[in-house]
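Rule-based calculations on the coordinates, nothing more; no lab input. Fair warning: this is a prediction, and the values are worked out from it, not measured in the lab. Because the Cβ atoms are built from the backbone with ideal geometry, glycine has one as well, and the counts that use them run over all protein chains shown.
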Amino acid sequence: MTTANSNYRDEFKSVIQKLIDSPDNQHEQLTNFIGNEFVASEKCMDSVNPATGKPWIKIPNGTAVEVDNAVAAAKEAFKTWKNTTVQQRSALLNKVANLVEEFNDEIAILESRDQGKPIGLAKVMDIPRCVQNFRDFANAALYSLSTSKILEQPTGKCVNYVKHDPVGVAGLISPWNLPLYLLSFKLAPALVAGNTVVCKPSEMTSVTAWVLMHAFKLVGFPAGVVNMVIGEGRSAGQRLVDHPDVHLISFTGSTLIGKKIQEDSAKLNKKVSLEMGGKNPGIVYSNYRKSDIVTIARSSFLNQGEICLCTSRLFVQRPILEDFLTSYVEEAKKFTVGDPTSQVQIGAMNSKVHFEKVKKYIEIAKSEGGTILCGGVKEISNGCEDGYFIAPTVIVGLPDSSQVMTDEIFGPVVCITPFDTAEEVIERANSTSYGLSATVWSANTDELLNTANELRAGTVWCNTWLARELSMPFGGCKQSGTGREGLHDSLHFYSDAKTVCVNLASKY
Ligand code: NAD
């Protein structure tokens, strides 16, 4: 195992600081990371700051050959990495966690500039969660997977134990909404289980992943254990999926791409985990606690509504509809929208394409007879004139069959509709092709639990949102996903269980 350089903190700091100091430096160019080397890509492209609408850095547009090189490095490194002890791997991951934690606030600046979210949010959510992912998996893996049983037979006893072998080279493909948070949720379990990896972060948000690669190298990860190719999904991502030496694909992103990856991976019988889109319902019963309106609104608008778990359809029991709408719109208007470097709650939509998509759905809502109670495009000054801002948008008057009520919009847009009975609302909430998460709001425990019981979703929150113990299974039903992530589920996914049976009576 390589010993970490005692000056690595300073080196890590200077990598981050150089990026922070060059907000408009289009000459700064990121690289791929292959075999512990930062390697220039044959092709590159601009990465745009969504708050200004201007390119701020150049990033690789990784080619198939570059992916092949990264996979070759990972394949070679696997020969020795798989034989390291879990204690060694865990210790290295904890060092990564410590290093990222030390520069939490600086990395948050980069996450915000690249993604569009407020710096304040990245500081308290994205980067701390990345640290927690590394730490929790590093520690849990030490104790989680071992099991053994004694088998008693007339001829003597056998001991059966389960060895969890790493799968091999893991391809990790992540989206742009929670860049470091979600990539680390794959990296930590994959590595601690003994796999080597090739990461393909979203081409919209690759900067903090590139910073993270420095952390791996600096703390002493052996060459080839962690590799990254930055680039477009259709080229770099697709090659990773099609590569015969990549044995496992962990994907988080849209349902459309996830289903394609599932099809392509099936040809090589790869292990696949898919975390995909959602159209999450929230159900508000008449007796809900009024102070929960703050959390209900937050569940729709946090991170510009760009969280797969955000509520986008709110079903409100008819007797309280008018009061609820008044309070909810009041709450929605309280969200400050603007330059993500300032003290705002809502920053910019991640890209122009995404901005246009969300705007299009607001237009469709109008054309389908919906009423926009608040929100829409927001003009921001002071350098953000060309940025992509949308204020919390509340729509009423749409039928459940509307495209706006069934398609994933993935922005700060929520449709509110009345319901009468529990039976009715459960059927309507379950009526889309998605099944990622749901929220239920009621003062009546039976009502909460009966509703939670009937909802087809991977996670149901009752009188809360986004609170999740990391060891619990996480994932989607129906078109929202295949498989589960979480402490135990991820460790199982990133390993192949092998049962070994030893005859204790054998004498040779
Ligand atoms: P996306 O599917 O467009 O891209 C996700 C990743 O896949 C990116 O890295 C992209 O480059 C890559 N990719 C694209 N085409 C590919 C291909 N042919 N082969 C291999 N890789 C390819 O998704 P997005 O727009 O980046 O992210 C938003 C989506 O992610 C939303 O649908 C959201 O619901 C979903 N999401 C789901 C979860 C979850 O846990 N279920 C979490 C976050 C985001």
task = In whole angstrom, note down how far apart the Cα centers of the stretch 462-507 and the stretch 62-126 are.
result = 22
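If r is the Cβ-Cβ distance from Asn139 to Asn463 and R0 is 45 Å, what FRET efficiency results, to the nearest 0.05? Write out the running numbers ahead of the final one.
Values: r = 30 Å, r/R0 = 0.67.
Efficiency, rounded to the nearest 0.05: 0.90.
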note = Whole-Hz Karplus couplings 3J(HN,Hα) for the stretch 442-454, θ = phi - 60° and coefficients 6.51, -1.76, 1.60, Gly and Pro as x, run 6, 8, 9, 4, 4, 4, 4, 6, 5, 5, 4, 4, 8
message = With an 8 Å Cα cut-off and a minimum separation of 6 or more residues, compute the relative contact order for the chain in percent.
response = 18
request  = Compute the distance in nm between two label points, each set 7 Å from the Cα along the Cα-to-Cβ direction, one at Cys374 and one at Arg318.
outcome  = 2.7
ask   = Between Ala64 and Asn453, what is the FRET efficiency for a Förster distance of 51 Å, r being their Cβ-Cβ separation, to the nearest 0.05?
value = 0.60
query = Taking the Cα centre of the chain as origin and charging only Cβ (+1 Lys, Arg; -1 Asp, Glu), how large is the dipole, in debye to the nearest 20?
reply = 1340
query = Counting each DSSP H run of 4 or more residues in the chain as -39500 (n - 2.57), what helix-only mean residue ellipticity at 222 nm follows after dividing by all residues, to the nearest 500 deg cm²/dmol?
reply = -11500 deg cm²/dmol
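What ranking do 262-269, 109-116 get when scored by the average of other Cβ atoms within 10 Å per residue, highest first? Please report the intermediate quantities before stating the final value.
Details: 262-269: 13.0, 109-116: 27.1.
The packing order, highest mean first, is 109-116, 262-269.
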inquiry  = Angle check, please: helix 127-140 long axis (alpha carbons) against the longest principal axis of the chain (alpha carbons), in degrees 0 to 90, nearest 10.
reply    = 40
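Using only the Cα atoms, work out Rg/Rh for the stretch 162-262, with Rh taken as the Kirkwood radius, to two decimals.
0.95
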task = Please give the peptides 335-341, 348-354, 298-304, 161-167 ranked by average Cβ packing (other Cβ atoms within 10 Å per residue), highest first, as a rough proxy for protection.
result = 298-304, 348-354, 335-341, 161-167
note = Largest-first semi-axes in Å of the equivalent ellipsoid built from the Cα gyration tensor of the stretch 46-128 are 31, 23, 7
remark   = Residue separation between Glu330 and Glu102 times 0.36 nm, minus their alpha-carbon distance, gives in nm 78.3 nm
request  = Would you mind listing how long the stretch 275-372 runs along its three principal axes, going by Cα atoms, in whole Å with the largest first?
outcome  = 40, 34, 30
note = Rounded to the angstrom and largest first, Cα extents along the principal axes for the stretch 376-421 equal 49, 18, 13
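Compute the Kirkwood hydrodynamic radius of the chain, taking the inverse of the mean of 1/r over all pairs of distinct Cα atoms, and give it in Å to one decimal.
Working: mean 1/r = 0.0420 Å⁻¹.
After inverting the mean inverse Cα-Cα distance, the result is 23.8 Å.
Could you give the dipole magnitude of the stretch 6-276 about its Cα centre, charging the beta-carbon of Lys and Arg +1 and that of Asp and Glu -1, in debye to the nearest 20? All intermediate terms of the calculation are to be shown ahead of the outcome.
Numbers: 29 positive and 28 negative charges, 167 e Å.
Dipole magnitude for the stretch 6-276 comes out near 800 debye.
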Extended-chain gain in nm, criterion 0.36 nm per residue less alpha-carbon gap, Lys43 and Gln343 = 104.3 nm
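Mean 1/r over all different Cα pairs, inverted: what Kirkwood radius does the stretch 281-462 give, in Å?
On the way: mean 1/r = 0.0605 Å⁻¹.
Averaging 1/r across every pair of different Cα atoms and inverting gives 16.5 Å.
Which whole-number percentage describes the relative contact order of the stretch 6-276, with Cα contacts under 8 Å and a sequence gap of 6 or more? Display every interim value, and only then the final one.
Values: 550 pairs, mean separation 65.3, N = 271.
After rounding, I find 24 percent.
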request  = Just subtract the alpha-carbon distance of Ala266 and Thr445 from 0.36 nm times their residue separation and send over the number in nm, one decimal.
outcome  = 60.1 nm
inquiry  = Calculate the FRET efficiency for Thr499 and Ala223 from the Cβ-Cβ distance with a Förster distance of 25 Å, rounded to the nearest 0.05.
reply    = 0.15
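Can you order the peptides 358-366, 445-453 by their average number of other Cβ atoms within 10 Å per residue, highest first? Could you put the intermediate results ahead of the total?
On the way: 358-366: 17.4, 445-453: 15.0.
Going by the mean number of other Cβ atoms within 10 Å, highest first, we get 358-366, 445-453.
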note = A student asked for the Cα radius of gyration and Dmax of the stretch 6-276 in angstrom ought to give 19.1, 76
